[in-house]
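Asker: I have a structure I would like to understand better, so I am pasting it below and will then ask my questions one at a time.
The values are calculated or read from the model by the stated rules, or taken from the named source; none is laboratory data. Since this is a predicted model, take the numbers as computed values, not measurements. Backbone-built Cβ (ideal geometry, glycine too); neighbour counts: all protein chains shown.
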C-alpha cells in the first residue's frame with residue numbers, strides 16, 4: 001500500500017481545460033492543442049531541479065520541498081519494505097515519515113497552486129493535494145496506534 005504512494009500524484013491542478021498532474025517524479029500537462037487535438041508535455045523533477053537557471057537555494061520553498069517529499073516517500077516505502085522482508089520495522093518511524101511526506105507534498109501543492117493563480121482575486125484553478133491525503137490516510141490507518149502512543153508520552 002505504501003509503495004503505491006510512489007505513483008499517486010502529489011496534486012492535480014485543473015485550470016480551465018488544462019490539467020497538470022504533478023507527481024513525485026515530475027509533471028505532465030494535458031491541454032487543448034491546435035485543431036482540437038490534445039497536447040501532452042512532461043517535465044521530470046530532476047531536470048527541473050538540476051537544469052534550472054537559478055541555484056537550488058534560490059528556488060521557491062515549495063519547489064525545494066518537491067525532492068524532500070520524494071525522499072520522505074521513498075524512506076517510508078523502504079521502512080515498510082524492511083518490515084515485510086526482514087521483519088524489522090519501527091511503525092513510529094514509518095508513520096512519522098508518512099506524516100512528513102504529507103507535509104512536504106502539501107507544501108508543493110500549495111506553492112504550485114499559488115503560482116497557478118490561487119492567490120489571485122479570481123480563483124478559477126482547482127488544486128487537489130492527493131498525495132497528502134493518501135499519505136496521511138495511510139499513516140492514520142496503518143500506523144495510527146503507534147503514532148498516538150508517541151503523543152501519550
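Asker: Tell me which residues, restricted to region 116-135, are at pLDDT 75 or above, under 24 Å from residue 60 (Cα atoms) and part of a helix (DSSP H, G or I).
Answerer: Hits for region 116-135 are 130, 131, 132, 133, 135.
Asker: Testing residue 18 on (1) surrounded by 14 or more Cβ atoms within 10 Å (Cβ to Cβ); (2) modelled with pLDDT of 90 or more; (3) farther than 17 Å from residue 104 by Cβ, one condition comes back false. Which one is that?
Answerer: Checking residue 18 against (1) surrounded by 14 or more Cβ atoms within 10 Å (Cβ to Cβ); (2) modelled with pLDDT of 90 or more; (3) farther than 17 Å from residue 104 by Cβ, the one that fails is (2).
Asker: State the number of residues belonging to region 70-83 that are closer than 16 Å to residue 138 by Cα and over 12 Å from the mean Cα position of the chain (by Cα).
Answerer: Final tally of qualifying residues: 8.
Asker: I would also like to ask the following. Within the set of pairs 6+ apart or on separate chains, which have a first residue in region 1-18 that is closer than 14 Å to residue 102 by Cα, a second that is modelled with pLDDT under 85 and surrounded by 17 or more Cβ atoms within 10 Å (Cβ to Cβ), and C-beta atoms under 8 Å apart?
Answerer: 11/112; 11/113; 11/127
Asker: For region 1-15, how many residues are crowded, with 21+ Cβ neighbours inside 10 Å and in a strand (DSSP E or B)?
Answerer: The total comes to 2.
Asker: Scanning for something under 16 Å from residue 68 (Cα atoms), in contact with a strand residue (DSSP E or B) (Cβ under 7 Å, 6 or more places away or on another chain) and either modelled with pLDDT under 95 or surrounded by 20 or more Cβ atoms within 10 Å (Cβ to Cβ) (or both), does region 85-101 turn up at least one residue?
Answerer: no
Asker: If you scan region 20-64, which residues turn out to be in a loop (DSSP other than H, G, I, E, B), free of Cβ contacts under 8 Å to residues at least 24 places away in the same chain and out of contact with any strand residue (DSSP E or B) (no Cβ under 7 Å at 6 or more places or on another chain)?
Answerer: 23, 37, 51, 52, 53, 54, 55, 59
Asker: I've got another one for you. Before we move on, is residue 72 surrounded by fewer than 15 Cβ atoms within 10 Å (Cβ to Cβ) and touching a helix residue (DSSP H, G or I) at 6+ places or on another chain (Cβ under 7 Å)?
Answerer: Spelling it out, it is not the case that residue 72 is surrounded by fewer than 15 Cβ atoms within 10 Å (Cβ to Cβ) and touching a helix residue (DSSP H, G or I) at 6+ places or on another chain (Cβ under 7 Å).
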